[in-house]
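Comments concern the structure below.
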Amino acid sequence: MSPRHPAAPRRTRRPAPGWRLGGGPDAVGGEAPGDPPPARLSGSEAGDGKPRHGATGTTEEEPEELTPRQIVAELDKFVIGQAAAKRAVAIALRNRWRRWRIEEDIREEILPNNILLIGPTGVGKTEIARRLARLAQAPFVKVEASKFTEVGYVGRDVESMIRDLLELSVNMVRSERTADVEDEAWDNVDERLLDLLLPAPKREPEREGERPAERASAEEEVQRRYAETREKLRQQLADGKLEKRMVEVDVAVQRTPPLEIFTNQPFFDETESSLQDMLGGLLPPRRKRRKVTVEEARELLFQEEVGKLLDMDKVISEALDRAENTGIVFVDEIDKIVAPTGGGGTGPDISREGVQRDLLPVVEGSNVPTKYGMVKTDHILFLAAGAFHHAKPSDLIPELQGRFPIRVELSTLSEQDFVRILREPENALLKQYQALLGSDGVKLTFADAAIEEVASIATRVNSEMENIGARRLHTVLTTLLEDVLFEVPDSGRKQIDITRDYVLEKLGPVLKSPDLTRYIL
Ligand SMILES: Nc1ncnc2c1ncn2[C@@H]1O[C@H](COP(=O)(O)OP(=O)(O)OP(=O)(O)O)[C@@H](O)[C@H]1O
Ligand SMILES: [Mg+2]
């Protein structure tokens, strides 16, 4: 980081509460089983025939991995109830770390215990997966299985989830490595900015009859003055006084090859972008001169300097290792690719089963080609979730059922859960609204009875209309607080207390009419 530039973009080094691959230089003994191996899954094993560089991380501290209990405690901060599901994912996460601590031959044999989360809509399935990924600081992608049944679907597309995972992993590693080199990059940027602001003096043409000694001293004088001015400018730059000064910079513009002709064809939808990237990489970057302020130039130059300092081969090989060994793929709506029980084997059902068949190799372990190389999916953790209202997990094709050995059911949320969800999570809805109004200088409070009433209304609407779980709390609250949100700050009120009476007054009329309820809540 560079405290010198008030206007400079800052990249803060992330704290590393979770375990990351590629342990630090001070990770215990090079070959100890506990030392996450940098490049052991590379080369021949990965099947791409391309040797990967050792993906040795440069993290100074090897972060402590959370124990299952701690993972659950972290999840508890955001998700209310659902203890069984939390336990299952906590064990799965810990197991991947445990796996690294054992000997290599067995390690390869230990496959992740993929989990199937079963439960009605809006009870926290996605939320658990999302929070887990944050904890693990692992590359995490979420896909809707139903998207693969759409028209124009081609088998290959299922692999796009792995390509996305790797893309994410590359971005993660790149930004971590950027943090490592950014000090140096900022220094280089400074020098380049100074070069732009004050070009080095040209050599004076030799004058008639000039003596060498005279010339040398004149030259020296020019140099001395140049250095002096440069230092003055350096100070001004550091003080942020030159931010608006215009400079001319040469920037590389990536060429986009004209591939648009293919875009309308479904097959190219997925592959096109990576193809485009690939071809784009082959063309030499075109350079363009632009007149920009120092402030803008700094950002442009920073990217370029980071690019020079980063060893992209290393970044990519570390990203591959990280995706393969810590990656998490969350397949949501998996019940949507199940033919409903008793359904015939016609039309769309065949395509659903087709999607399941395509999923098989990816979940079971295969090599997926990406523009960065092959990704081995054996140790990627797959979490699948579905409401399974109309179909049962046993309606999945048997092979796929077997790939998700752990089943956890999430329970329907009770009125008491709703009260807690409104109030307790770190991102609780009530806290969100309080923060929103706080920025208008208004204090918003909720009486206990009001909160209980909201929970009770949400439960009632869920049972009378459609059960959408905790999502109902959103709709009820937005309706409840609409007037408040509209009137602030014009009303001039500095404190707003939501009481039970207020809740009944606002929502009573809506609840009296089933039609209104249906449309509004
Ligand atoms: N147990 C819970 N604790 C806290 N908040 C919850 C809980 N369940 C749901 N929510 C809230 O409801 C929203 C919807 O939950 P989530 O996305 O996890 O539903 P889901 O179970 O994945 O449902 P679907 O089957 O429709 O995908 C979340 O954003 C979260 O705010
Ligand atoms: Mg969901």
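The values are calculated or read from the model by the stated rules, or taken from the named source; none is laboratory data. Keep in mind that what you see is a predicted model, and the values were worked out from it rather than measured. All Cβ positions, glycine included, derive from the backbone under ideal geometry; neighbour counts span all protein chains shown.
For the reader, a short list of remarks on this structure follows.
- Those residues of region 380-394 which are more than 28 Å from ASP164 (Cα to Cα) and buried (at least 18 other Cβ atoms within 10 Å of the Cβ), in sequence order: ALA391
- Check on THR121, within 21 Å of the chain's Cα centre (by Cα), within 8 Å of ligand 1 (Cβ to nearest atom) and in contact (Cβ under 8 Å) with a residue 60 or more places away in the chain: no
- Some residue of region 436-451 being of a type in the set (Val, Ile, Thr) and either surrounded by fewer than 16 Cβ atoms within 10 Å (Cβ to Cβ) or closer than 28 Å to ARG518 by Cα (or both): yes
- Of the helices (runs of 4 or more DSSP H) lying entirely inside region 418-521, not one is found with 2 or more residues being assigned by TED's automatic domain parsing to the domain that holds GLY122 and farther than 24 Å from GLY122 by Cβ.
- Looking only at region 124-142, and only at residues there that are within 15 Å of ILE328 (Cα to Cα) and not in a helix (DSSP H, G or I), the one that is nearest to ligand 1 (Cβ to nearest atom): LYS142
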